[in-house]
Structure formats: C-alpha cells, structure tokens
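In what follows, a structure is listed as structure tokens, so that the remarks can point back to it.
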Amino acid sequence: MSVSENILENAGRVFGRLRRRGGRNAAAKPAHNPANPCQDLAGGHQGGPAAMRADFNMAVSALRTAVSEFHNCRARWIFAILGAAALCACSAMKLGYQQGDRLAYWWIDNYVDVTAAQEPLTREAISRFFAWHRKSQLPEIASLLQQAKADVRQPVTPAMVGHFQDASQELARRSFEQAMPDTADLLLTLTPDQIARMEKKFAEGNAKYRKKFLKADPAEREDARFDKVMEYARLIYGSFSSEQEQAIRTKVGPVVQNAEARYAERVARQQEWLRMVRYVQATQPPKAQVIDLLSRFREYWQNPPARHAASHEASNNAGIALTVAIANMTTPQQKAHAQDRFQKWIDDTHALMREKANAPVQSAATN
C-alpha cells in the first residue's frame, strides 16, 4: 500500500470517527486537556513511512504529490503530524488541515497512549510542525496543484505522473527531516508498554488490511481494490459510466497481482521501525544518534532494500499505468470536473496560507 493511499485511508478513518463523535476529542483524556482550545483542536492519520506509488488516477497522483507530504509518512503515529495534512487530499481539505493539530495528537495518542508528561512535548512538536509546513510547504503544494490543474486537460503520460511522484517524495523527505528532532525527543521518552501498544496497533491495522485487500477469493480481492481505485477516481473526476468502470476494472489486475508484495513491504517497514524504536528505548542514546537513526530509516523508507526493490518497482509501474489509463479515458466533462476540483483545493491552500501567516516557526534544537 502506498504512502498516500495509507494516509488517506487512516485520515478518513480518524476524521470519520471524529464526525461520528460529534467533534468531541477522541482521545478523551480529561486529566490533562489543554486550556488553549486551538491546541486541543487537532489529531492524526495513517501509517509509518512507505515509498510513493501512483496507485490511482492522475489527480490523486498529483494530489498525493502535491499534498503528499508532507505526506509520505507512514510511521503510523509519530508522523500523524504529516498524515493529518493528508486530509488536504480529501474533499474536506481546509477543515482537515485546520484540525490538523487535533487529528495528529489523537492519532499519536491512539498508537502510544500519550502520558501526561509527554503531552506538552507532543503538542508543541505538532504545533511547530504545522507552523513550518504552512509557511514552507503549502506554497509548493499550491504550485503543484496549479500544475496538476493545467495538466489534467492534456493527454497524461507516465513521465507526467512520475514528475508529481518525485515532487511528492521530495516534499515528504523535507517534512520527515523537519520532524526528526521532535520525533527523536518523543522516541527517547517511550516506555516498553507504549511500544507494545504501537506493535499491537500495527497488527490490528494489518489484520484489517488483509481482510479487505488480501481475500482468498481472487474476485473479491479485485473487487476491493477496484472499489478503492474508483473512490479516488470519483473524488477527482466525478461520476463514471458503466463502460468506463468496466474498462478500469480490466486494468486493475496488475495492481492486485502485487498485493502480497505490497503487504510484505508494509510489514517490513513496520518491523524496521519497531526495531529502531526498541533500540532507542533500551539504550537511550544521545539525541543526535537518534536523529541519525531516523535519517537512516528515511532512506529505508524512500529507497527500499534490494530484497524488496523488484516488487516495489512492479507495484509502482502498475500504479502509474493505471493512473495514466484512467486519466486518458476521461471525457471533456470529467476533465472539467477535475479542473474545478483542483481549483477548489488551490483556493483552500491559499486560504490556509493566509491564516496564521505570521505564526512563528521554531526548530527543535539538537542536544
């Protein structure tokens, strides 16, 4: 599963829960709720780092690129900071981003059960990240969205999709680097019980993933992937005819064929993350060393090791091919719908840039 796919899935799940709860704080920790309502406003999303793939249509590819981190974050809890921003790729972009702090905190708390002592550090880190992201990356995201809006009218090529994919990777890399000092601080405070909880949450998510996307019946497996592809395709292009949907279904096969390999990569990344977190908890190395470990993990995430390279490349190519196929079968009306959708995201991005435009941006010092 790709980073953006993971982010959207988890962000949607978190946001949906918040809606169902009528907007009340999902973490529900009355013992240490902040006095500042703005601080209490934000929570989290989907998974630890993973390499980017273009699994869906041009728009999602562009969005995930543009909007993707910041995106590329799959560390499932600490990078909820980044994952919350992925709500930009949903129709509730502006609302999701404005609630990013609350969502990010909720998500991190869900994975590790933040203690009263850890909460101030965690909330400050989240606030610092969003202040930086709003100032440093939203302008680039707006530019990429503008380019996607222009490109969506033209015949789409693999090179175009690759461009957005690379841009997304670069945004992700910089976001990861920005978050590393604060992430190191939090890792150094984790307890064995919190790490065990994190591992349990990974296992629960993996079980849901297998149930949804790795069904024993090949037809059911294809149906699940097709439904996810169409969810994102409709988000950008609007409705599709039955003929178009049938044509898309015939092209989902190669993506489905790589499902086991994608799942293996997902688990491998989680295990690599857990090994690192356990090492930090057990040895309590200097912060600078933890940052170095996070940097190595970033390389692992963006450049999968040789044992996964072939499957990763196959998944990436299959996703790009599907993205191109969907984009190039859309009608002028669907392309116009996509342009309108991109323009709304562009408008929202500009509005978000104007909000708190003068907010201070601080860096966590390396000890």
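The values are calculated or read from the model by the stated rules, or taken from the named source; none is laboratory data. Note that this is a predicted model, so its numbers are computed, not measured. Please note: Cβ atoms are built from the backbone with ideal geometry, for glycine as well, and neighbour counts cover all protein chains shown.
Is there any pair linking a residue in segment 243-270 that is more than 17 Å from residue 220 (Cα to Cα) to one that is part of a helix (DSSP H, G or I) and of a type in the set (S, T, N, Q), with Cβ under 6 Å and at least six apart or on different chains, and which?
Listed pairs, sorted by first residue: 261/311; 262/315.
Do any residues in segment 169-195 that are among the charged types (D, E, K, R) have Cβ atoms under 6 Å from those of residues that are part of a helix (DSSP H, G or I) and surrounded by 20 or more Cβ atoms within 10 Å (Cβ to Cβ), where the two are at least six apart or on different chains, and which pairs are they?
182/125
Pick from 178, 246: which is out of contact with any helix residue (DSSP H, G or I) (no Cβ under 6 Å at 6 or more places or on another chain) and outside any loop (DSSP other than H, G, I, E, B)?
246
Among the residues of segment 251-303, count how many are surrounded by 14 or more Cβ atoms within 10 Å (Cβ to Cβ) and assigned to a loop (DSSP other than H, G, I, E, B).
Residues that pass the stated criteria total 3.
Can you confirm whether segment 182-191 contains a residue that is part of a helix (DSSP H, G or I) and of a type in the set (S, T, N, Q)?
yes
Among the residues of segment 298-323 satisfying the criterion of being among the hydrophobic types (A, V, I, L, M, F, W, C) and in contact with a helix residue (DSSP H, G or I) (Cβ under 6 Å, 6 or more places away or on another chain), which is modelled with the lowest pLDDT?
This residue is 318.
Could you say which residue among 177, 231, 222 is surrounded by 13 or more Cβ atoms within 10 Å (Cβ to Cβ) and over 30 Å from residue 322 (Cα atoms)?
177
Look at segment 139-160 and say how many of its residues are under 18 Å from the mean Cα position of the chain (by Cα) and either surrounded by 22 or more Cβ atoms within 10 Å (Cβ to Cβ) or farther than 19 Å from residue 343 by Cα (or both).
3
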